[in-house]
1. Among the residues of segment 113-124, are any surrounded by fewer than 18 Cβ atoms within 10 Å (Cβ to Cβ), over 16 Å from the mean Cα position of the chain (by Cα), over 26 Å from Lys51 (Cβ atoms) and among the β-branched types (Val, Ile, Thr)?
2. Mind listing just one residue for me: the one in segment 93-112 that is in a helix (DSSP H, G or I) and within 30 Å of Asn52 (Cα to Cα) and, of those, farthest from the chain's Cα centre (by Cα)?
3. Which fully enclosed helices (runs of 4 or more DSSP H) of segment 289-377 have 3 or more residues being open to solvent by 30 Å² or more (accessible area, probe 1.4 Å) and of a type outside the set (A, V, I, L, M, F, W, C)?
4. Checking Val165 against (1) in a loop (DSSP other than H, G, I, E, B); (2) closer than 27 Å to Leu365 by Cα, which single condition isn't satisfied?
5. Here is a list of conditions, (1) in contact with a Pro (Cβ under 6 Å, 6 or more places away or on another chain); (2) open to solvent by less than 50 Å² (accessible area, probe 1.4 Å), and Thr156 meets all of them except one; can you say which number that is?
6. Search segment 83-112 for residues that are more than 19 Å from Ala150 (Cβ to Cβ) and in contact (Cβ under 8 Å) with a residue 24 or more places away in the chain and pair each with any residue that is of a type in the set (D, E, K, R) and surrounded by 20 or more Cβ atoms within 10 Å (Cβ to Cβ) when their beta-carbon atoms are under 8 Å apart and the residues are at least 6 apart or on different chains.
7. Filter segment 238-269 for residues that are among the aliphatic types (A, V, I, L, M) and in contact with a Ser or Thr (Cβ under 8 Å, 6 or more places away or on another chain); which is nearest to Arg317 (Cα to Cα)?
8. Residues that are over 22 Å from Arg323 (Cβ atoms) and out of contact with any Pro (no Cβ under 9 Å at 6 or more places or on another chain), at least 3 per element: which strands (runs of 3 or more DSSP E) completely within segment 225-286 meet that?
Amino acid sequence: MLRSSFFVYGFMLACSAGMLTSSEAQAQKKKNQRAETTKAEAIDRSWEKNKNLPNIVILATGGTIAGAGTSSVSAGYTAGKLPIEDLLNAVPEARKVANLEGEQVASVGSQAMTDSVWLKLAKRVNQILQRADVDGIVITHGTDTQGETAFFLDLTVKSNKPVVVVGAMRSATAISADGPKNLYDAVVIAASKSSEGRGVMVAMNEEIFSGRDVTKTNTTSTATFQAPNTGPLGYIYDGKVAWYHNTIRKHTTQTVFDVSNVNELPKVDILYGYSNPDPNLVDCLMSDGTKGIVIAGVGNGNLYPTVEAKVKQATARGIVVVRASRAVSGRVTLDGETDDKALGTIVSDDLNPEKSRVLLQLALLKTSSPAQIQQYFFEY
């Protein structure tokens, strides 16, 4: 009987203790919730629009700038892991420069960039820039194809408001990640009135480049982006923009290209020039439905003799062939070492092969005339 009483008493104590513990836990939970609510409200208040600041929209597409790795010192990472909110939260200083709003357009490594994403991005940029309350756009992007995307937008955006494409060479989780500083600089550029009418720009490593002229020149360096033929448009340092020159090529509102009703781009391929190449590669492309071929020729865009013979067959069939160069800089000259008139080819001028492909895709939406397309290459 005594044992039974002790058992009942012990059970009641345990229950009381449990109830007390549960009650304390609930009270602590409510306290934490209140603290989180207060913190969130404080953040929201700090992000309220300041009527004295410009309004910038951040469009995220993924890439290294949103990448995450398993180690802060490892080169390995997965691109496009972090959402746009996390990128903005990592750069609170940018909210002192402009009112920011973010939107996730895609979440891919830029090695996986597609024509469909380009079209989606261009249409969205044009929609947003029509808003009277938007002063500029920043686009986060992977560096592998960043230059191509910037040039595509440079040809298809229909606004003089600043559009700045930005990326990073180190993932967001790496020691000394360059993404936050690059993103801050991009916001400063987009928020500056002096940036209007300069076409689509690329901001990397405290330098500002034209989307037309910039290219990636190094596989890993944070100073990878360069414009070999023209140099940077300007610099960004200590939150200030300094311009040195402007692009004279037609861009944005000055181009004839409108993709608002375009859902697919023409198929254009690139062939790389080298010693003793297989000319049958041209046959493969012709039989695969290509509408245009860009050849990254040697030197001044020169073609191997057997490839040149195949190219003449391609142009006779109405396929537009552009002679570009695998060289890092310089122009490919019309009717230089190659008789372009007899061959039916056109030249890329100073556009590299990948930029030539972008322009040729858009040009083929307008015309299949080699003469007109050649004019586009000299204008844009």
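The values are calculated or read from the model by the stated rules, or taken from the named source; none is laboratory data. Only a predicted model underlies this, so the values are computations on that prediction, with no experimental measurement involved. Every residue, glycine among them, receives a Cβ derived from its backbone with ideal geometry; neighbour counts consider all protein chains shown. Heads up: the accessible areas ignore ligands, DNA and RNA and are worked out on the full protein's heavy atoms, side chains in. Shrake-Rupley method; radii C 1.70, N 1.55, O 1.52, S 1.80 Å.
1. Taking every residue of segment 113-124 in turn, none turns out to be surrounded by fewer than 18 Cβ atoms within 10 Å (Cβ to Cβ), over 16 Å from the mean Cα position of the chain (by Cα), over 26 Å from Lys51 (Cβ atoms) and among the β-branched types (Val, Ile, Thr).
2. Among residues in segment 93-112 that are in a helix (DSSP H, G or I) and within 30 Å of Asn52 (Cα to Cα), the one farthest from the chain's Cα centre (by Cα) is Lys96.
3. Helices (runs of 4 or more DSSP H) meeting the threshold: 305-316, 353-366.
4. Among (1) in a loop (DSSP other than H, G, I, E, B); (2) closer than 27 Å to Leu365 by Cα, the lone unmet condition for Val165 is (1).
5. (1)
6. Ala98/Asp135
7. So the residue we want is Val268.
8. Where strands (runs of 3 or more DSSP E) fall fully within segment 225-286 and carry at least 3 residues being over 22 Å from Arg323 (Cβ atoms) and out of contact with any Pro (no Cβ under 9 Å at 6 or more places or on another chain), they are 234-237, 240-243.
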